[in-house]
Amino acid sequence: MKIDIISLFPEFFDAFFTHSIIKRALQANRLEMKVTNPREFSHSKHGQVDDTPYGGGAGMLMKAPPLFEAVEHVLQIPIEEHRCTKESHKRHVVFMGPTGRPFTQEKARELATYDQLVIVCGHYEGVDYRVEEHLVDETISIGDYVLTGGELPAMVVADAVARMIPGVLGATSGAIEDSFYHPVLECPQYTKPQTYRGMMVPDILLSGHHKNIAEWRLEESLKRTALLRHDLLQRELTVDELKALKRLLDRVDSEEEQQVLSKLIEQSTFTEEKRK
């Protein structure tokens, strides 16, 4: 897979390319990444890529021409051809902006299916709207807050997508077991020492009983999800998840936790009865 990033600040990505998973993916030729500066496609004498907005207003907007030409350069075809060619399903162009749909693990999996992903980073007060309307295939947001530019969001997306590429992660199951790959939070994890400042690793993890450990991990994942990200469980639960919730309800002491779990079980049971 190839990921092209369009950014006015290529140096922002130097450390990103030379550390951890991205570095290993590049070295193993599982992934190709490159940053292209739209300033290279400015037709201004001084390389200007921004200008004042029509109608007035504060700040400067990135101009459409340098961004269009930078994207066409990395796609190696005119944008009109990208839109209509049969090969368009192999390439995808996204813009990082606050007006986009929220970035999720599901979206990361989808983006990882393309042969080429182009990520356009905005800056200044935004970009000429023709970029969002006619250049990119979609706009993606990583959250409801304001950043200086699209570089950090682009790194977030590129990292999440890279993890989905076969062979990128050292551990085969690493991406599969991460939170949000399945729609529950990750269970608590522990490593040595077994005891630290009076804090103990749960006995179940030391038992060597793999079935019991797997059940405990599912229960704890569901517990954390129910308490911290209840929205992730507003769906049809699997049979194993429902069984785990019932086991969990029998062993929790907190009244708050009991109420949350009971409500989830009731909702899931009601859905099951309706389906029958």
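Any chance you could run the full-extension gain for GLN189 through GLU138? It's 0.36 nm times the residue separation minus the Cα-Cα distance, nm to one decimal.
Values: separation 51, 0.36 × 51 = 18.36 nm, distance 3.64 nm.
The GLN189-GLU138 span can extend by a further 14.7 nm.
When the Cα positions of LEU75, GLY47, LEU8 are compared along the charge dipole of the chain, LEU75 comes out farthest toward the positive end, with charges on each C-beta of Lys, Arg, Asp and Glu.
Taking amide H positions as modeled 1.01 Å from N, with prolines and chain starts lacking one, the residues under 5 Å from MET33 and 5 or more places away or on another chain are ILE3. Toward the positive end of the charge dipole of the chain, with +1 on the Cβ of Lys and Arg and -1 on the Cβ of Asp and Glu, the farthest Cα among CYS84, GLY100, LEU111 is that of LEU111. May I ask which residue of GLY150, ALA64, LEU232 lies farthest towards the positive end of the charge dipole of the chain, with charges of +1 (Lys, Arg) and -1 (Asp, Glu) on Cβ and the Cα centre as origin? After comparing all options, I get LEU232. Were the residues from LYS34 through VAL239 laid out at 0.36 nm apart, the gain over their Cα-Cα distance would be 69.3 nm.
Entry note, region 195-275: relative contact order of 26 percent, from Cα contacts under 8 Å with a spacing of 6+ residues. Each peptide in 56-69, 116-129 gets a packing score, the mean of other Cβ atoms within 10 Å over its residues, and the list from highest to lowest is 116-129, 56-69. Step through the table entries LYS23/LYS246; LYS23/LYS223; LYS23/LYS107; LYS90/LYS211; LYS192/LYS223; LYS23/LYS192, compare each Cα-Cα distance with 32 Å, and write down the pairs that go over it. Beyond 32 Å: LYS23/LYS246; LYS23/LYS223; LYS90/LYS211.
If you take the beta carbon distance between VAL252 and ARG197 as r and set R0 to 30 Å, what does 1/(1 + (r/R0)^6) give as a FRET efficiency, to the nearest 0.05?
On the way: r = 25 Å, r/R0 = 0.83.
Given R0 = 30 Å and the Cβ-Cβ separation, E is 0.75.
Spacing of the modelled spin labels on TYR145 and LEU26, each 7 Å from Cα toward Cβ, amounts to 2.6 nm. As a test of the formula, what do you get for the chain when each DSSP H run with n ≥ 4 contributes -39,500 (n - 2.57) and the sum is divided by the residue count, at 222 nm and rounded to the nearest 500 deg cm²/dmol? After summing the helix terms and dividing by residue count, I get -11500 deg cm²/dmol.
How would HIS43, HIS134, HIS92 line up from fewest to most surrounding beta-carbon atoms within 10 angstrom? Provide the component values of the computation, followed by the final result.
Details: HIS43 10, HIS134 13, HIS92 19.
Ascending number of Cβ neighbours within 10 Å: HIS43, HIS134, HIS92.
None of the figures in this text is laboratory data; all of them are computed from the coordinates on show. On a predicted model such as this, the values are computed, not experimentally measured, just so you know. Glycine also receives a Cβ, built like all others from the backbone with ideal geometry; neighbour counts cover every protein chain displayed.
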